[in-house]
Amino acid sequence: MRLAHPPEDIRDTSFYPPLCRRLESGQSRSRKLADLVYEELQVNFQSGEHSSVEDAKYVSQLWSTYAYQLDVHVATHSNVSLLSRCVRVSTE
């Protein structure tokens, strides 16, 4: 599809500090979607074959839970600031 969105319109739950995992060093790291959904929504998914439809469903539920807080956070921080607060963990 090759869709592009302006940075100010992006709401990435993996970079939202309250949803990141806090390390002993004080640094924040993003969490795996399955762990985040389990901890926040008490739903165990991604146990079988990967489904992007299922991923989207649970990301939407997370989004609806944190929509207001994410919007306030983005309005008060630049996306550069948001992205620098939580480091994405490589899954490879």
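The values are calculated or read from the model by the stated rules, or taken from the named source; none is laboratory data. What you see is a predicted model, and the numbers here were worked out from it, not measured in a lab. Here the Cβ positions follow ideal geometry from the backbone for every residue, glycine too, while neighbour counts run over all protein chains shown.
Table for the structure above
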quantity: Hits in the stretch 13-32 (condition: under 11 Å from the mean Cα position of the chain (by Cα), surrounded by fewer than 18 Cβ atoms within 10 Å (Cβ to Cβ) and either in a loop (DSSP other than H, G, I, E, B) or hydrophobic (A, V, I, L, M, F, W, C) (or both)); calculated: Lys32
quantity: Filter pass, Glu54 being out of contact with any Leu (no Cβ under 9 Å at 6 or more places or on another chain), surrounded by 14 or more Cβ atoms within 10 Å (Cβ to Cβ) and not in a loop (DSSP other than H, G, I, E, B); calculated: yes
quantity: Any pair with Cβ under 9 angstrom, 6 or more apart, that starts in the stretch 63-88 at a residue that is assigned to a helix (DSSP H, G or I) and loosely packed, with under 11 Cβ neighbours inside 10 Å and ends at one that is modelled with pLDDT under 75 and not charged (D, E, K, R); calculated: Val80/Pro7
quantity: Some residue of the stretch 34-45 being of a type outside the set (A, V, I, L, M, F, W, C), part of a loop (DSSP other than H, G, I, E, B) and either surrounded by 14 or more Cβ atoms within 10 Å (Cβ to Cβ) or touching a residue at least 24 places away in the same chain (Cβ under 8 Å) (or both); calculated: no
